[in-house]
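Step one of this worksheet: look at the structure below.
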Amino acid sequence: MFTKLKIFLEMIKFEHSVFALPFAFMGAILGSVVLNGHLPSWAQIGWITLAMVGARTAAMALNRVIDKAIDKKNPRTENRAIPAGLISIPQVIIYIIISFALLFWATSKLSTLSMKLLPIAVFFLVFYSYTKRFTWTCHFVLGLTLGLAPLGGWIAVTGQFTWASIIFYLTVVCWSAGFDLIYACQDAEFDRNEGLHSLPSRFGIKAALNTARVLHVLTAVGLVTLFFITHLSWFYLVGLVIAYFILYKEHRLVSPQDLSKLNTAFFTMNGVLSLVMFVFTLLDVLVRQYL
């Protein structure tokens, strides 16, 4: 059982939770401080964590099941657990059911609006995996899906939308779509040959990387806009400067002629960026609250 669980966690790249989870916490902290005047409770943070784990686990496991035939053909993914026969479809489906149950249970412990909007979140979690079969805009659908992390964290503790929450949502949408465009460049030729849709396979790697740069410029604009509309201080600005450097460095690591450092640009840089923004936002709020 533990061997299968280990295989499953590796299959869904559980460590990639570092992308969205810090932004979910950041949304909860900003929303609670801006609207409620205090930090979210530990109970709220705990339920948000469980909801995020359930959502991402279900979405990634579904993606692996839905894409099993594609993964088997792709040299980059042919050794994943399902095409390699390391785990069966029924076993993965059990994990999916458990993950969705965890998501529903945790969300029920948060705001009423969170429960009302949950079907929309589930739709995007399922729908994304099918989009590359019919549209090159699949990267933007992923962005719309991952952007639900900060928005979900905000709504979970406040029970309402604000302009700040929407700007934060759109910021993470741009960030997510941008790094997915970079990641998709490695499969451009395979996607083109298999009739799959992506921006790199449709318009070329150069166009994809240029689009990713534009999206990350919009990300930078969104993050600094949050500074002004949520009344954060210079601690947040320090994190923002680091985040800007990370985005700059990410795009220096890849080019149409050289994708050898793509994994570093995709995973390392973006994982660090989300953690940096969360840590410096938390530090900023703590200093204002208690000093």
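The values are calculated or read from the model by the stated rules, or taken from the named source; none is laboratory data. Because the structure is a prediction, the values reported are computed rather than measured. Positions of Cβ are generated from backbone atoms using ideal geometry, with glycine treated the same way; all protein chains shown enter the neighbour counts. Calculation scope for accessible area: heavy atoms of the full protein, side chains included, ligands and nucleic acids excluded. Shrake-Rupley method; radii C 1.70, N 1.55, O 1.52, S 1.80 Å.
Kirkwood radius and radius of gyration were both taken over the C-alpha atoms of the range 145-289, and their ratio Rg/Rh is 1.03. The residues of the chain present an accessible area of 47 Å² per residue when probed at 1.4 Å with all protein chains retained. Estimated purely from DSSP H runs of n ≥ 4, each contributing -39500 (n - 2.57), the mean residue ellipticity at 222 nm for the chain is -24000 deg cm²/dmol once divided by its residues.
3J(HN,Hα) along the range 180-191, derived from phi through the Karplus expression 6.51 cos²θ - 1.76 cosθ + 1.60 where θ = phi - 60°, amounts to 5, 4, 4, 4, 6, 4, 5, 10, 4, 5, 4, 4 Hz, with x in place of Gly and Pro. Against the set (i) 7, 31, 38, 20, 3, 0; (ii) 6, 23, 23, 18, 15, 11, 4, 0; (iii) 6, 28, 35, 23, 7, 0, the structure's computed P(r) over Cα pairs in 10 Å bins from 0, in percent falls on (iii). Beyond 19 Å between alpha-carbons counts as too far, so tell me which of 13/68; 206/261; 13/206; 72/261; 73/132 fall in that bin. Cα-Cα > 19 Å for 13/206; 72/261; rest within. Ordered from highest to lowest accessible area with the whole protein assembly present and a 1.4 Å probe, 62, 86 read as 86, 62.
Comparing 276, 154, 225 along the charge dipole axis of the chain, the residue lying farthest to the positive side is 154, per the Cβ-charge model.
Roughly how tilted is helix 148-158, in degrees to the nearest 10 and between 0 and 90, from the longest Cα axis of the chain? Result, in degrees: 30.
By accessible area, using a 1.4 Å probe on protein heavy atoms only, the range 77-187 has 72% of its surface on carbon and sulfur. Rolling a 1.4 angstrom probe over the range 1-72 with all protein chains present gives an accessible area of which 72% lies on carbon and sulfur atoms.
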